[in-house]
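Structure first, commentary second.
Read the figures in this text as sums done on the coordinates, not as results from a lab. Worth saying up front: this structure is predicted, and the values here are computed from it rather than measured. For neighbour counting, all protein chains shown are included, and Cβ atoms are generated from backbone atoms with ideal geometry for every residue, glycine included.
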Amino acid sequence: MKAIKVIFMALVMVLGASSAMTASAQFRFGVKAGVNVNSLHFNKDVFESDNQTGFTGGLMTEFTVPVIGVGFDLSAMYVRRNAKFMEENNIATDKRDYIEIPLNLKWKIGVPVVSRIVSPFITTGPSVAFLTSRKFKETYENKSCDWAWNFGIGLQFVNKVQVHASYGIGLTKAVKTFNVAETQAAGIDGKNRYWTITAAYLF
């Protein structure tokens, strides 16, 4: 039930922004999908983490100020982040599902002559992700909310298709160990680090 409420709220945010600005030619909305490569960075050198591939998909909106090319985009995305980490000879795997809402400041760099065909852009901004999968595991806890900051670059083709690559730095704990007070893994916190590559079609 909680997951359904989070999904509903995220969709309302995207669709609400759409209805508020559809009268402006500077506003667009569309669909977006892609892959992410995630790893967990721990606050102690007890665990080793491998990069794991997941996927993402959802809706996005974009607003751009004419001439200067500065604006923002807001998305509501379903995200699967897979993690694999090892303590000595014990391997732990985790598949975490989120509803993620990234908000990016975006600057489209106008290039004379070719800008209608292809335009580069850069992005940066915060992201909040709400856990929708199981929270508790045997010896660690997946946190219900995860904040990150993203940096990205991309290309826009024929004013419709955007290909975007971004790197996210976790600002809060995504994983926290518990019930292991007598082991060296007690009190270990893990933060997400991830690459995301997406393709979006804007209407």
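Were the residues from V37 through T93 laid out at 0.36 nm apart, the gain over their Cα-Cα distance would be 18.7 nm. The F55 and T124 beta-carbon pair, evaluated with R₀ = 22 Å, returns a calculated FRET efficiency of approximately 0.45.
For T132, nonlocal amide neighbours, meaning residues 5 or more places apart or on other chains whose placed amide H falls under 5 Å from its own, are D97, Y98, I99. Taking amide hydrogens as placed 1.01 Å from N in the peptide plane, the amide H of L171 sits under 5 Å from those of W147, A148, W149, each at least 5 positions away in sequence or on another chain.
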